[in-house]
Each structure stands twice: as C-alpha cells, then as structure tokens.
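Take a look at the structure below.
Derivation of every value follows stated rules applied to the coordinates shown; laboratory data play no part. No experiment lies behind these values; they were computed from the predicted model shown. FYI the Cβ positions are ideal-geometry reconstructions off the backbone, even for glycines, and counts take in every protein chain you see.
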C-alpha cells in the first residue's frame with residue numbers, strides 16, 4: 001500500500017474561475033497562486049503550484065482521482081471540495097484510492113473539530129500551528145496514524161484563546177496529560193498558568209475514537225435518524241424504483257466512558273431478522289461491536305464525545321419483506337404525491353400538475369407539534385422513560401412532529417422546462433405560489449404548511465400554457481401581409497374548381513372550409529407543442545416524526561457494569577428524533 005506523500009489546501013473560491021485549458025499556458029493569477037496549507041509527509045511530491053494548473057486544466061466536474069502524466073514521475077492526484085476549500089494529495093506510488101480520499105475527509109473533519117465549522121481560509125491562515133500538529137498526528141512518515149478528530153484533542157496543544165473558546169461552549173481543550181499543573185483549561189499547554197511539560201502519560205485515551213477524562217455538567221444523549229427518499233414513477237403511475245438512504249446520528253454528552261446498547265425495531269414486527277432485512281448494506285462507526293449486531297441486530301458501542309454518525313443503511317421500499325411502507329409494491333403510501341397531465345387545451349399547449357397530501361400527516365405549523373426531546377414516537381418515549389425515568393424538559397431541541405402526528409413541511413414541486421419554451425402564460429395554482437421567469441430551467445411551485453393543511457382529498461392543481469418559437473410563427477402566419485393588406489384566406493390552388501364562379505350562378509360565390517382549416521391548424525400546433533411539454537415533475541418535502549423504512553428506536557440502555565466514570569445516581573437524559581427528507585427525490589415521468 002502506498003504512502004500519503006503530502007496534503008495541499010487551496011481556497012477553491014479564488015481559483016474556481018475558468019482558465020485556459022492548456023497546462024503550460026498560465027495566467028498571472030495562477031503563476032502566483034500559493035496553497036493555504038502545504039504539509040509534506042514523505043518523498044518529494046510535486047509542489048502545489050505545479051499541481052494546481054494541471055488540476056484546473058480538466059473540465060468540470062473534475063474527478064476526485066486524476067492521473068497526471070505531465071509530472072515526473074507520473075502522479076495520481078486525489079482531491080475533494082469542502083466549504084469552499086480544495087484539498088489535494090499527490091501520490092506517485094501504487095495505493096488504494098479510497099484510503100487517500102478517506103484520509104482527506106478525516107483531515108477536513110479534524111480541522112472542523114479544532115477550528116469550527118464551516119472551514120474558512122481565514123481560519124486556516126490564523127492557525128497554522130494547530131494545523132501542523134493535527135496533520136503530524138494523523139500521518140507520520142506517510143503512514144496513517146490516529147485520524148479520529150475526537151481523540152486528537154488529547155495530543156494536540158491548543159492555544160490559550162482557543163481553549164477559552166472551547167471551554168466557553170462546554171468543550172474541554174486537550175488532555176490533562178499535556179499540562180504539568182492544574183489550570184482552568186487542563187491540557188492546553190501554553191494556555192494554562194503552568195508551563196508545558198510533556199510526560200510519559202501523553203499517550204491519551206486507550207479508546208482511539210474517544211478522548212480521555214470527558215466531563216459534562218449535564219449528561220445527555222440524542223439519537224437522530226434521518227432518511228432521504230428516492231422514488232421514480234413511470235408514466236402509468238407504477239413505481240420503478242424506491243429507496244431510502246438512512247443515517248443514524250448520535251450525540252453523546254456523557255461523562256466518563258459510557259457503554260451503550262441501542263435496540264431498534266422495524267415496523268410492528270419484532271425480531272432481529274426484520275431489522276436486518278430492513279437495513280440493507282449497513283455501515284457502522286468503528287465503535288460498534290459487529291458481533292453483537294450479527295447475533296442480535298443491536299448496536300453496542302462506546303461513543304465518541306460529541307456528535308458523530310453511528311450507522312448508515314439503505315432500504316428497498318419495493319420489497320414487502322423489508323419495508324412496511326405499503327402492503328403492495330404497486331402502492332407506495334407517501335406523505336404527498338403528484339400527477340402530471342400534458343397536451344391539454346385545443347392546441348395541446350397546456351399542462352397541469354395535481355398535488356395530493358395524505359391527511360394522516362400533520363400539516364400545521366411547527367409550534368403545534370410535540371417536542372421530540374422527550375423521545376419521538378410512543379414506543380421510543382415509553383422505553384426511554386422506563387429506562388431512565390420520566391423525561392425532563394429540554395431547551396436544546398425545538399418543537400416538531402412526533403410519531404402520532406408527523407409534521408409535513410416544505411412542500412415544493414419542480415417542473416423542468418425545455419429550452420424550446422419561449423414563454424409561459426396563465427401560470428395559476430389553486431394553492432401556494434408558482435414562479436417562473438424567462439431563462440429559468442424549471443417552474444417552482446411552493447405550498448406552505450398552512451396552505452397544505454387546507455388541501456382537500458382531490459388535491460390542488462397548477463396549470464399553465466407554454467409558448468414556443470414555433471407557436472409565435474404560426475400566429476403570424478395567418479396574418480401575412482399581401483400587397484399591404486392582411487389576408488386570412490386559403491392558399492391559391494389551381495385544381496380546386498369550387499373556388500370559381502359556376503356557370504349556372506348569376507352571383508359570385510366561394511366555398512371555404514373554415515372549420516376544417518382550423519382543425520388542421522390546431523392539430524399541427526398540437527404536434528408542435530408536444531415537444532414543449534415537460535417530461536417529468538419532482539416533489540420535495542420534509543416529514544418530522546416519520547421514517548419511510550418504519551425503523552424506530554426501541555430502547556437505549558447504559559451498561560453500568562461496563563461503563564466507567566459516570567458517577568453514582570447519574571441518569572443521562574435521552575431524546576430521539578426522526579426525519580424523512582425528499583429533495584427532488586420523488587420523480588414522476590410522463
């Protein structure tokens with residue numbers, strides 16, 4: 001396996017403007033550009049000023065792994081973007097790409113831990129000493145070491161102003177082992193009143209992902225399960241694909257070293273097999289004991305201090321054995337659904353979108369919901385209360401929906417518009433507000449929570465007419481100027497004898513067919529307007545207190561025999577929160 005040779009960090013906002021495609025043709029800004037952070041671990045990698053133009057020479061979107069043949073030796077360049085910063089790592093030997101990319105993500109997470117989120121160029125420029133310590137601890141001689149941002153606090157010497165800032169928000173600085181004497185900010189080195197004296201006890205915590213000597217005045221634990229929907233419907237209304245990507249975020253603010261056991265259940269069916277069938281392709285934080293998951297489908301772990309992602313999973317919503325969302329795969333019972341009809345009107349220039357809302361979801365304002373800090377869902381609230389007594393009120397979480405009355409909000413319908421559409425007229429919606437301007441690529445229709453509460457079972461409708469370049473030409477065709485005069489008559493036809501005066505008639509008569517001509521013109525316009533119709537519509541929404549997979553937290557227990565440093569009689573407060581999000585994830589094709 002290859003080594004991590006170097007890490008370069010650039011201000012991506014500064015260098016994101018287009019440059020000339022040839023790597024050797026550099027602008028003045030590019031020649032003088034320097035990386036914000038340059039840290040070399042081993043070997044002699046190409047300098048940052050050489051790699052940046054080679055990276056920018058590739059067209060966007062640029063891949064995260066680029067093979068550069070213009071360097072000597074040829075180099076693999078790994079990159080990632082976060083918070084407007086460009087992270088790069090060159091590698092001239094064989095290596096696992098995912099290892100280097102994951103290392104760059106860990107570097108960004110560690111810098112956020114020490115400098116705060118979001119990462120800004122000004123923060124990096126003002127804290128080179130802290131960044132150098134973090135990078136040196138994460139990689140030594142090209143070999144990856146401790147990359148857990150939480151545990152790096154034990155070995156990184158934090159400046160005094162940062163220690164006071166972290167102490168002000170309830171986050172201790174670094175390990176007490178780094179400080180010789182007791183100070184208000186233990187382990188801050190120069191930040192305390194005593195001098196910095198390294199000792200043999202600087203090894204830090206024995207748990208790689210958790211810093212040592214964690215202390216909190218208020219012991220609290222929160223479980224946040226978030227699922228993102230991705231559903232595609234065929235024109236017939238049949239679901240082609242339906243998936244939910246979930247993540248379990250855990251926030252631990254517990255003193256000592258707690259040992260926790262998190263039990264889940266899927267729908268109304270108990271059992272480990274049901275949970276395993278629902279959570280497909282699970283991924284876990286290193287703190288999770290995999291043997292306990294394989295045997296009992298339970299999450300047993302010692303958490304890092306603070307917020308982290310405990311697990312991730314996928315759910316196939318069309319699998320009846322895995323998802324309780326619907327009894328039949330053909331009928332997904334989503335909180336909201338849309339239906340699109342095109343080619344309406346005499347000339348087929350109109351289309352409409354109908355939005356229906358399931359009234360089993362609460363669509364009132366957020367202040368009317370039940371606070372989820374006491375445990376979202378009746379089962380979760382009961383089990384958590386039974387484990388640690390009645391939940392006490394907390395001001396850390398706002399009011400939101402619960403399992404009995406899920407809160408539906410942020411209803412937005414997006415309708416892509418083709419480039420052939422010149423204008424849209426008669427844009428009208430029975431609920432909400434619809435917006436489109438010339439040059440926009442889609443119509444955005446927003447319905448507030450208050451308006452969604454008044455939607456009947458028939459739903460609400462958005463209807464409009466599209467006008468293309470061909471439509472305006474057809475309108476002007478019937479008003480062509482002939483010798484300075486407007487004419488709406490037919491084209492001249494020598495073979496049509498009905499246009500001439502008959503021999504038996506004493507008056508001049510002409511036979512016209514206005515009805516057939518109008519019908520033919522409308523049919524022609526309908527064919528032309530067919531290419532202006534949208535091909536799909538997307539739906540976005542958020543639901544608090546409901547998960548598409550049916551997963552729920554059954555219990556969260558602290559193993560007092562395995563836990564250390566918690567203290568006698570300490571009963572941490574627990575909270576559970578569920579959230580389902582669809583960001584243009586429900587797509588209906590037509």
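At 0.36 nm per residue, and after removing the present C-alpha to C-alpha distance, how many nm does the segment from residue 217 to residue 307 gain when stretched out fully?
Full extension of this stretch gives 30.7 nm more.
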The simple spin-label model distance between residue 42 and residue 568, using points 7 Å out along Cα→Cβ, in nm, is 5.2 nm
In whole angstrom, note down how far apart the Cα centers of region 71-91 and region 120-146 are. 16 Å
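Tell me, what is the FRET efficiency for residue 441 and residue 232 to the nearest 0.05, using R0 = 30 angstrom and their Cβ-Cβ distance as r?
Numbers: r = 20 Å, r/R0 = 0.66.
Here the calculated transfer efficiency is 0.90.
Once you have the Cα-Cα distance between residue 319 and residue 291, take 0.36 nm times their residue separation minus that, and quote the gain in nm to one decimal.
7.4 nm
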Going by how many other beta carbons lie within 10 Å of each one, how would you line up 577, 431, 564, fewest first? 564, 431, 577
Need one number: nm distance between label points at residue 34 and residue 461, each 7 Å from Cα along Cα→Cβ, rounded to one decimal. 6.6 nm
How far apart, in nm, are the 7 Å Cα→Cβ label points at residue 112 and residue 530? 5.0 nm
Nearest-0.05 FRET efficiency for residue 62 and residue 356, computed from C-beta distance (R0 51 Å): 0.75
Label-reachable residues, region 227-264, where backbone N falls under 17 Å from a point 7 Å from residue 280's Cα toward its Cβ: 227-233, 239-247
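Is region 6-149 rounded, prolate or oblate when judged by the Cα gyration tensor, a ≥ b ≥ c being the square roots of its eigenvalues, rounded requiring a/c under 1.5 and prolate requiring a/b larger than b/c? Can you show the working numbers first?
Details: a/c = 1.80, a/b = 1.27, b/c = 1.41.
Because a/c hits 1.5 or more and a/b fails to exceed b/c, region 6-149 counts as oblate.
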Length gain on complete extension for the stretch residue 72 to residue 339, per 0.36 nm per residue less the alpha carbon to alpha carbon distance? 90.3 nm
